[in-house]
Amino acid sequence: MDRSAKLQVLSTADSSFATNSYLVLDEATRDAAVIDSNLEPELMVELARNNGANVRGILLTHTDGDHIAGLPRYRAAFGKVPIAVHGTELAMLTEGVPLRRHWDVGLGTLEEIRELIPGTPYTVGSLAFDVLHTPGHSPGGVTLRIGNALFTGDALFAGSIGRSDFSNSDAEALLAGIKRELLSQPDDFLVFSGHGPVTTIGQERRYNPFL
């Protein structure tokens, strides 16, 4: 996947919303990070175990219910590894406040929560992710970059962009973040989004009708 390091990206998708969760694995050390926690977390637990992954951290692109619902199952399987999220959405995990008032997945409160700070790399074992702030779908939406991979959450999809019709969404911020942080990346960078197939920055730059 990455030109310089032997990294592998594996994914699962739930059957309710086709929400993707990703396993980013350093093939040399077996250290791994899990990105997002969909509604069928047992799929990721099995994937990690089958690949001999040592999950050292969980990173969240944002805190919509379909991206965090499986966190208790992750904790049961992987132990109290840190969970990291943008500071704007910390309360969704530390205080159990739902991101959307109409969608409370009953997560409760969680411990060992860390903050993802844009511009400051976040380290998970032998892996280091750049944190890019791509809000608009949600206030604390981030894209996580490692090597030539971009994990965009619900900001950018193959042929589409995230919803911005929620009360705490911002359509202008969404487009501005995509153009500033994502379309500035090389054309061959891979886009692993919160829903749907893998695409590239070049593909979206040329053919995405929303950009």
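Every number here is computed from the coordinates shown, using simple stated rules; none is lab data. Note that this is a predicted model, so its numbers are computed, not measured. Note that we place each Cβ from the backbone using ideal geometry, even for glycine, and neighbour counts take in every protein chain shown.
Miscellaneous remarks
- For the chain, diffusion coefficient by Stokes-Einstein and Kirkwood Rh (Cα), 37 °C, 0.692 mPa s, µm²/s: 195
- Of all DSSP bridge pairs formed entirely within the chain, close to 65 percent run antiparallel.
- Cα gyration tensor category, rounded, prolate or oblate, for the range 24-145 with a/c compared to 1.5: oblate
- For ASP154, nonlocal amide neighbours, meaning residues 5 or more places apart or on other chains whose placed amide H falls under 5 Å from its own, are GLY194.
- Of interest is the spacing of the C-alpha centroids, which for the range 1-74 and the range 146-211 amounts to 19 Å.
- Here is the size of the range 1-95 from its Cα atoms: Rg then Dmax, 12.9, 40 Å.
- The range 116-133 - phi-based ³J(HN,Hα) in whole Hz, Karplus 6.51/-1.76/1.60, Gly and Pro as x: 8, 10, x, x, 10, x, 10, 9, 10, x, 8, 9, 10, 10, 7, 10, 10, 7
- Ranked by how many other beta carbons lie within 10 Å on average, peptides 17-28, 32-43, 96-107 from highest: 32-43, 17-28, 96-107
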